[in-house]
Structure formats: C-alpha cells, structure tokens
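Participant: Have a look at this one.
Read-outs: derived from the displayed coordinates by stated rules, not from any lab. Note that the structure is a prediction, hence the values are computed from the model and not measured. Here the Cβ is made from the backbone with ideal geometry for all residues, glycine too, and neighbour counts use every protein chain on show.
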Amino acid sequence: MENKKLKGAIVSLGSKSSLMVAEAMKKYFGEVDMIQLKDIEVSLGKEGGVFYQGEPLKKYDCLYLKGSFRYANLLRSIASMLEDKVPYMPLASSSFTIVHNKLLTHLALQQHNIAMPRTYISSTPEAAKAVLKKIQYPAVMKFPEGTQGKGVMFAESFSSASSMLDALGALKQPFIIQEYVETGGSDIRALVVGDRVIASMRRVAQKDEKRANIHIGGVGEYVELDRVARKLAIDTAKALKVDICGVDILESPLGPAVIEANVSPGLQGLSEVSTIDIADEIARFLFNQTDRIVRSQGEVKKAEATMKTLLEEESANEEIITPLDFRGERVLLPELATKMAQFDDRKEYSIIAKKGKVEIKEF
C-alpha cells in the first residue's frame, strides 16, 4: 500500500501530538519532516515564497499545518502560498483564521445550519447590556480568540455579567455572549478525520469548574456517539473546510450542539481512552488522500501530454488558406499558424524565400 516516493511534513510548534502523527507517517511516506512553525517566514511579491530557516521550503506531496491561534495569520499565509504547489493539505487556508476565531466559527456554523447554543454579538457595551437583560442565566462570555478553555467566562447573574462587561469594555476587547447549556460540567470531544469520527470522549470538569477541557483538569472517558452527534461533528468539519478537526459538542435537552472546533487538536487525552491508534489513523488517512491525488494528477498530466502529441501530429501538415495581411513591407502570419508552428520570439529562425513561397524553420 505504501508509496515510498511520497514526501510528507508537519509544520507545527512541536507538540507531542504532532510528534505522534509524524512518527506514524513514517510507516507510509518515504520521507517525513518535522518543521518548526516559528522558523518559517512568508515573503510576498514578485520574489515571494515560503522559507524555512532562510531557505525555500522543500517540495512536499503532503503538508499538515498546525499551530495555536497566535499563529493563525502565518498559517493561513503559508497555506495560501502553497495551495497550488502541494498536492494535499488537509486544512483549507481560510480555516486557520476562521476556526481560530470563535466569532467567525459561529458565523460559518450559522451559514451551514449547524446546531449551536444561542449566541449574541453586540457592537457596544450598551447594546450588550440590553442583550444581558433578556437572556437566561448563567451566561457564557467569550473572547473570540483563545484555546483550551482560555478566554471563556461564566456569569451567574445580570449583575456579574454587567461587571464583566465593564471590565471587557475597559480592555477594548471584542466578545461573544452565549446562553449557557446545563450539562453537569461535561462536553463531548469528537475527532473528525475525513468523513468519519474516529474517536470521541466525554470530558467532565473538576468540581466547581464549568470548563471541561483536559488542559485545565477535565477528566476524559470513552463515549460512543449516536448517529446525530456523529453527523453533527462531520458536518461541522465540512462547514469549516477541514479534513482533520476536533469538534466540541454539548449534549443539550434539545439535542447536541457545537460550541467550538479545533484544527490543532491534542491527541493525548483521546488516546488514553480510545482502543485505536489515533496517530496511525490520521497518518494513514493523510497518506491515502495524498496518494490518490498524486496518482490522479499523474494520470491527468499523461492524458494532457498524449492529447498535445495528437494535436501536434494532426496539425503538423495542416494547410491554412487565407489572404495575407501586409503591414508595409512585412506580412503578419495568422495566429493559428504561429501556434501550430510553436514559434517563439526568443529563438532564431531560417527563412528561405522563393517566388510564391516562403519557408521558415527553427535555426
């Protein structure tokens, strides 16, 4: 199955999850590199490109980009510059700035009718306070950027929410207000790879803590998702244009609802409760997608080359009957004739002229 000619790389901050996937990729790819995101720079303009440690980035068949929200713009720039050069990248360039911003994530989910808690966005603190008067408590207030539960606050009443609002206003920070869904301090993390949820777990928050993230002390346990929750997770990844994604889901009384997505999901917690080798599943998926695309591109190139040869053979001796276009002492050849002959103004030609006949050959 393996195609040892394929070259893959992971660009990341060097997390343990990235190392796990890179090691698993070595079973499938002929070459696998770990590239430190902090050592990459993107140059725009005529001589633009992506550079690693001052040198142009090597050519890869598969490039898996990962990193925190602080590097969202750099990640998007790298992906945008390489979209037509790397056969397969599992994350669309737009996903880095969308998924790393909770507001843009919720807007994308809204556009695709993905179930989520009722969410509010206000332009001014005064407008936000009007929203706070009509919602149910407790309420959730979020900064658009942040991961692992950071930047998420809970208000038990209008007065506490109003106080938080005043503090946020002083910081001149944009924020999101979201209705709280009571789940007993738990949520679901589903890992989507391609069109499947390959692993999922229920995360339970510590006592007196509403955030269930593993990085802040939440405890994970294996859970088997039902059809509705699986479809919700997969639809979320598709809406965000990503093939690998962690989706956080609340089990609300009205059904599952998405609260967040993560395009650089940690694998340690899921690996501890899952019976499958998650890193291997991701590596195998990356290989299969890359192999399929590279083979397809190879077939297209062969078909194009064959068609070009046939057209050249068919048109090699084709006769064109046309009046001559005299421009003073010169004759302008028909465009079709120059294309068929594949004339190039950077080359030199031999011209043999006789009465009623001109022969032009590449010198």
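Participant: Determine one quarter of the surface area of the Cα convex hull of the range 50-110, which equals its mean projected area, and express it in nm² to one decimal. Before the final figure, lay out the partial values.
Facilitator: Values: hull surface 17.9 nm².
Orientation-averaged projected area of the Cα hull: 4.5 nm².
Participant: Please turn the phi angles of the range 8-23 into ³J(HN,Hα) values with the Karplus equation 6.51 cos²θ - 1.76 cosθ + 1.60 (θ = phi - 60°), one per residue in order, whole Hz, x for glycine and proline.
Facilitator: x, 8, 10, 9, 7, 8, x, 5, 4, 4, 5, 5, 4, 5, 4, 5
Participant: Right, something else. Give me the percent of DSSP beta bridges within the range 3-99 that run antiparallel, rounded to the nearest 5.
Facilitator: On the way: 6 of 18 bridges.
Here the share of antiparallel DSSP bridges comes out near 35 percent.
Participant: What is the sum of charges around Ser15, taking Lys and Arg as +1, Asp and Glu as -1, for the other residues whose C-beta is under 15 Å from the C-beta of Ser15?
Facilitator: On the way: positive: Lys16, Lys38, Lys66, Arg70; negative: Glu23.
Net charge in that neighbourhood comes out at +3.
Participant: Using θ = phi - 60° and the Karplus relation 6.51 cos²θ - 1.76 cosθ + 1.60, list the HN-Hα couplings for the range 32-40 in order, rounded to whole Hz, with x at every Gly or Pro.
Facilitator: Per residue, the Karplus-derived 3J(HN,Hα) values read 9, 10, 9, 10, 6, 4, 5, 9, 9 Hz.
Participant: Return the loop-located trypsin sites (Lys or Arg not before Pro) in the range 215-298 (DSSP other than H, G, I, E, B) with at most 12 other Cβ atoms within 10 Å of their own Cβ; answer none if there are none.
Facilitator: On the way: sites: Arg227, Arg230, Lys231, Lys238, Lys241, Arg284, Arg292, Arg295; in loops: Lys241.
Those that pass, being in a loop and sparsely packed, number zero.
Participant: Here is a follow-up. What shape does the range 77-161 take by its C-alpha gyration tensor, where a ≥ b ≥ c are the square roots of the eigenvalues and a/c under 1.5 counts as rounded, a/b above b/c as prolate, and the rest as oblate? The partial results should precede the final answer.
Facilitator: Working: a/c = 2.96, a/b = 2.61, b/c = 1.14.
Here the range 77-161 falls in the prolate category.
Participant: Next up: For the pair Leu254 and Phe158, what calculated FRET efficiency results from E = 1/(1 + (r/R0)^6), where r is the Cβ-Cβ distance and R0 = 25 Å, to the nearest 0.05?
Facilitator: On the way: r = 24 Å, r/R0 = 0.95.
Calculated transfer efficiency: 0.55.
Participant: Right, something else. Under the rule of -39500 (n - 2.57) per DSSP H run of 4 or more residues, summed and divided by the residues of the chain, what mean residue ellipticity at 222 nm is obtained, to the nearest 500 deg cm²/dmol?
Facilitator: Details: 10 runs with 124 residues, N = 363.
The helix contribution divided over the chain gives -10500 deg cm²/dmol.
Participant: Work out from phi, with θ = phi - 60° and the Karplus expression 6.51 cos²θ - 1.76 cosθ + 1.60, the ³J(HN,Hα) of each residue of the range 80-86, listed in order in whole Hz, and give x for Gly and Pro.
Facilitator: 5, 5, 9, 4, 9, 10, 9
Participant: For the range 190-206 and the range 37-108, write down the distance between their C-alpha centroids in whole Å.
Facilitator: Cα centres, the range 190-206 to the range 37-108: 25 Å.
Participant: Hey, which of these cross-link pairs are over 21 Å Cα-Cα: Lys85/Lys238; Lys26/Lys302; Lys16/Lys66; Lys16/Lys85?
Facilitator: Values: Lys85/Lys238 23 Å; Lys26/Lys302 29 Å; Lys16/Lys66 12 Å; Lys16/Lys85 28 Å.
Checking Cα-Cα distances, Lys85/Lys238; Lys26/Lys302; Lys16/Lys85 exceed 21 Å.
Participant: Please say if the range 7-62 is rounded, prolate or oblate, where rounded means a/c under 1.5 for a ≥ b ≥ c the square roots of the C-alpha gyration tensor eigenvalues, and otherwise the choice is prolate for a/b larger than b/c and oblate otherwise? Present the calculation step by step, with values, prior to reporting the outcome.
Facilitator: Values: a/c = 3.46, a/b = 1.75, b/c = 1.98.
Oblate, since a/c reaches 1.5 and b/c is not below a/b.
Participant: Another question, then. Over all directions, the average projected area of the alpha-carbon convex hull for the chain comes to how many nm²? Display every interim value, and only then the final one.
Facilitator: Numbers: hull surface 111.5 nm².
Spelled out: convex hull of the Cα atoms, projected over all directions, averaged, 27.9 nm².
Participant: Here's another thing I want to ask about it. Report, to one decimal in Å, the Kirkwood hydrodynamic radius for the range 3-99 based on all distinct Cα pairs.
Facilitator: Values: mean 1/r = 0.0735 Å⁻¹.
About 13.6 Å for the range 3-99.
Participant: Gain in length, Leu332 to Lys16, computed as 0.36 nm per residue apart minus the alpha-carbon separation, to one decimal in nm? Show your work: numbers first, answer last.
Facilitator: Details: separation 316, 0.36 × 316 = 113.76 nm, distance 6.62 nm.
The span from Leu332 to Lys16 would gain 107.1 nm if fully extended.
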